Amino acid sequence: MGNMKRPPLAVLLLSFALLLCSPTAGRAEKSPFANVSKRVFADLLKIPIEPPEVNATVHGTKEEEGLVIENVAWRALDNDTAPVFVVRPAKTNGRLPAIICLHGSSTNGEVNIAPKFGFSEWTRYGTDRKTTTLFGWARELSRHGYLTLSLTQRGLDNRGPDTEARNKAALVHGRNVMGEIIQEIRQAVTYLERRPDVDPRKIGMTGMSFGGITTFYTWLVDDRIAVAAPICGGIGSVQTFLEKGARSYHGIYWWVPDMLTKGDQGDFAAAQAPRPLMLWAPLDDIGMPKEGVDEFLKVVEPAYAQAGAKTNLVVHRQPGQHEFTMEAFAAIKAFFDRHLR
């Protein structure tokens, strides 16, 4: 597998991204070829490129310690209900920057908005397995002036059936589970850009693990997301993961059908330069081998350099494993402060 040639479209994506982002084409401006990349990836996900509609209902509002917490829901694909929490400062001046905050496979949106910011014990839904996880990180971002939206993701926690079962149903209907998840997240973007208290030009997204890969793939297909900062999201190179990774580690949601016939993760990311992107990529993360991140950077760094936006691509490669640390939180906050303020 290591000798496989890059698919022709991947070569085109990269070459056009570099050409159209070159200094002679205008620095730090969006490449027109980004739209081609978006459409190709949306086709892989089996979703429309057009933003989805959403009809949200606020089921409850409360104020705590200077923050307003809203309990929101909307009807998603297949009459599923997307449960959402919005947290915002009670006192604001003008429209706020917004951040969509996505949890990992073992937690839910309620963990994101817990009152206390810090590590605590969590029991995964439907099991007696206990882990230590970071609570209240979305609420902490709201304490610093952001409106945050935390969505319990489709197929996780108590939102059954799980992603494996959902994918079986999706495939026979010409869809795939990752596309269904991304389309629901895109409904969140539509909802945010229509809120009168949100600046639609300043919508960011971040997430841990499962939430990291869904952050990255949503960013690839929806340029309403101004800034993305995936944490331990299994991002690097799908081809390298096939060669060096533990294939059983990622669930079925991670494996987008036909993806490598079009391009690898780096090819699609390169086409989006100079849009700001940050990866938290610990060197010992089982879900994203460092060799895959090496391959990703070989493709993506030149595109950002050619776009005159080297600093818009930030990749943290420190010692560590697959976990959401305080250092990761500080990194995403600094990145959002720089690009959304």
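With a Förster radius of 22 Å applied to the beta-carbon distance between residue 172 and residue 81, the computed FRET efficiency rounds to 0.45. Between residue 144 and residue 93, the modelled label-to-label distance comes to 2.0 nm, taking each label 7 Å out from Cα in the direction of the beta carbon.
Looking at the chain, send over the antiparallel percent of its DSSP beta bridges, to the nearest 5. Beta bridges within the chain, antiparallel portion: roughly 55 percent.
Treating only the Cβ of Lys, Arg, Asp and Glu as charged (+1, +1, -1, -1), what charge dipole size does the stretch 190-266 show about its Cα centre? Round to the nearest 20 debye.
80 debye
Need the C-alpha centroid separation for the stretch 207-231 versus the stretch 36-98, integer Å. For the stretch 207-231 versus the stretch 36-98, the Cα centre distance is 14 Å.
Once you have a ≥ b ≥ c as the square roots of the Cα gyration tensor eigenvalues for the stretch 163-321, tell me rounded if a/c is under 1.5, and otherwise prolate or oblate according to whether a/b is larger than b/c. It comes out oblate by the Cα gyration axes. A dipole drawn for the chain from +1 and -1 charges on Cβ atoms has a positive end, and of 102, 34, 90 the residue lying farthest that way is 34. Separation of the alpha carbons by more than 23 angstrom is noted, of 38/262; 38/310; 244/333; 116/333, for 244/333.
Expected output is a single nm value to one decimal: the length gained when fully extending between residue 62 and residue 121, i.e. 0.36 nm times separation in residues minus the C-alpha distance. What is it?
Working: separation 59, 0.36 × 59 = 21.24 nm, distance 2.56 nm.
Computed gain between residue 62 and residue 121 is 18.7 nm.
Modelled label positions at residue 326 and residue 132, each set 7 Å beyond Cα in the direction of Cβ, lie 1.2 nm from each other. For the chain, the longest principal axis of the alpha carbon atoms and the long axis of helix 326-340 meet at an angle near 80°. Between the residues 225, 254, 279, the greatest Cα displacement towards the positive end of the dipole of the chain, with unit charges on the Cβ of Lys, Arg, Asp and Glu, is found for 225. Angle of helix 8-20 to the longest C-alpha principal axis of the chain, folded into 0 to 90 degrees and rounded to 10: 80°. When +1 charges are put on Lys and Arg Cβ atoms and -1 charges on Asp and Glu Cβ atoms, the dipole computed for the stretch 8-340 relative to its Cα centre reaches about 540 debye.
For residue 301 and residue 249, the difference between the fully extended length at 0.36 nm per residue and the C-alpha to C-alpha distance is 16.0 nm.
Computed from Cα atoms, the angle from the helix 34-45 axis to the main principal axis of the chain rounds to 70 degrees. Using all pairs of distinct alpha-carbon atoms, the Kirkwood hydrodynamic radius of the stretch 34-79 works out to 13.7 angstrom.
Take the alpha carbon gyration tensor of the chain, find the square roots of its eigenvalues, order them as a ≥ b ≥ c, and report rounded if a/c is under 1.5; if not, report prolate when a/b exceeds b/c, else oblate. Cα axes put the chain in the rounded bin.
Taken together, the values in this text are just the output of simple stated rules run on the coordinates, not laboratory data. Here the structure is a predicted model, which means the values were calculated and not measured. Cβ: placed from backbone, ideal geometry, glycine included. Neighbour counts: every protein chain shown.
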